[in-house]
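*Asks:* Handing you a structure now.
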Amino acid sequence: MKVNGQLIATMSFENDSGWIEITGYLLEGDNTIELTDENGIENGWAYGFDLKRDDSIIWSDSCGMAGSVGCGYGDMTRGLVYRNIITLKLETVSPNHIDTKITLGPYDGYHRYYIHMSKDLDDTEKVKVNGRLTATMSFKQDSGWIEITGYLLEGDNTIELTNENGPDGVWAYVFELKQNDSIIWSDSCETPGSPGCRDDEIKRGVVYRAITLKLIPSTTTPEQAPTAKPASTQILTQTPISTPAQKAQSTNSVQKLPGVFLLIIGAFIVFWLFKKLKTPK
């Protein structure tokens, strides 16, 4: 048996191979599987080939019965008696179609946006923002938080998230979108490193794609401190307005003026009389 030109298995002395897994040798698109049977030096020949996907046989071919009835009425031809090349086409899984609108906003310097990815080690996950490849994770299992703020624009943005199943076994994925410290969107299937998605499906190539995740900034802006209302127009006179205390103080000052004046006059009269009496005639 050869897969895509590579020899995978040879059976010479047994009459049943059991099931031989060829998953790791298949690629997305067209694959060729070459099956041959060469008759040995004794008696006739027979063959049986089966191709199984998961637990279902999807193709088979046989002639005669191994160990008893030979193919071609006991044909004794030596060497290559059977050769069949199967073209097995593996198409990309119909991607999950996600049409989710998320209000990001506001588009300003106060908010940051991040993508987190998680997958099986042999798989590949990618992030594209507005058609630009932002991150690729091939050999790690967890990306941590990847900031994509600088790739976003005011208005509609498209984020494309993909998971490509690698050559070994099943696949699983986790995608999350975070605004500042809050996760605002997420999608996942099983847990990377443990059970596979969709009952341990082993399809190759792109097995997940989010292609229409639209991020629409809010029309609101960050809260601003309330501005003071404009003061009403006032006409100011140059005469200061006195307070009650000031008025009382002013009134007391006015009331004290006559008494002081009388004391000064009285003192002047006493001084004059004293001087008059002492002066001789």
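Let's see how each residue does on (1) among the basic types (Lys, Arg); (2) closer than 17 Å to SER194 by Cα; (3) under 16 Å from the mean Cα position of the chain (by Cα):
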position	(1), (2), (3)
ASP122	no, yes, no
LYS128	yes, no, yes
LYS140	yes, yes, no
SER143	no, no, yes
ASN165	no, yes, no
LEU177	no, no, yes
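*Asks:* Tally up the residues in segment 164-196 that are of a type in the set (S, T, N, Q), within 14 Å of VAL207 (Cα to Cα) and modelled with pLDDT under 85, please.
*Replies:* Number satisfying all stated conditions: 1.
*Asks:* Please indicate, with yes or no, whether at least one residue in segment 51-65 is without any contact (Cβ under 8 Å) to a residue 40 or more places away in the chain, polar (S, T, N, Q), more than 30 Å from GLY205 (Cα to Cα) and not assigned by TED's automatic domain parsing to the domain that holds GLY205.
*Replies:* The answer is yes, given that some residue of segment 51-65 is without any contact (Cβ under 8 Å) to a residue 40 or more places away in the chain, polar (S, T, N, Q), more than 30 Å from GLY205 (Cα to Cα) and not assigned by TED's automatic domain parsing to the domain that holds GLY205.
*Asks:* Shifting gears a bit: I'd like to check something: does segment 180-200 contain any residue that is buried (at least 20 other Cβ atoms within 10 Å of the Cβ), assigned to a strand (DSSP E or B) and touching a helix residue (DSSP H, G or I) at 6+ places or on another chain (Cβ under 8 Å)?
*Replies:* Taking every residue of segment 180-200 in turn, none turns out to be buried (at least 20 other Cβ atoms within 10 Å of the Cβ), assigned to a strand (DSSP E or B) and touching a helix residue (DSSP H, G or I) at 6+ places or on another chain (Cβ under 8 Å).
*Asks:* From the list ILE115, ILE98, ILE148, ILE85, exactly one residue is modelled with pLDDT of 85 or more and over 13 Å from the mean Cα position of the chain (by Cα). Which is it?
*Replies:* Details: ILE115 fails: over 13 Å from the mean Cα position of the chain (by Cα); ILE98 fails: modelled with pLDDT of 85 or more; ILE148 fails: over 13 Å from the mean Cα position of the chain (by Cα).
So the residue among ILE115, ILE98, ILE148, ILE85 that is modelled with pLDDT of 85 or more and over 13 Å from the mean Cα position of the chain (by Cα) is ILE85.
*Asks:* Among the residues of segment 115-171, how many are of a type in the set (D, E, K, R), surrounded by 13 or more Cβ atoms within 10 Å (Cβ to Cβ) and in contact (Cβ under 8 Å) with a residue 40 or more places away in the chain?
*Replies:* Total meeting the criteria: 8.
*Asks:* Give segment 145-176 a look and list any residue that's farther than 17 Å from LEU133 by Cβ and in contact with a Leu (Cβ under 9 Å, 6 or more places away or on another chain), or say none.
*Replies:* Correct list: ASP156, GLY166, PRO167, ASP168, TYR173.
The values are calculated or read from the model by the stated rules, or taken from the named source; none is laboratory data. This is a predicted model, so every value here is computed, not measured. All Cβ positions, glycine included, derive from the backbone under ideal geometry; neighbour counts span all protein chains shown.
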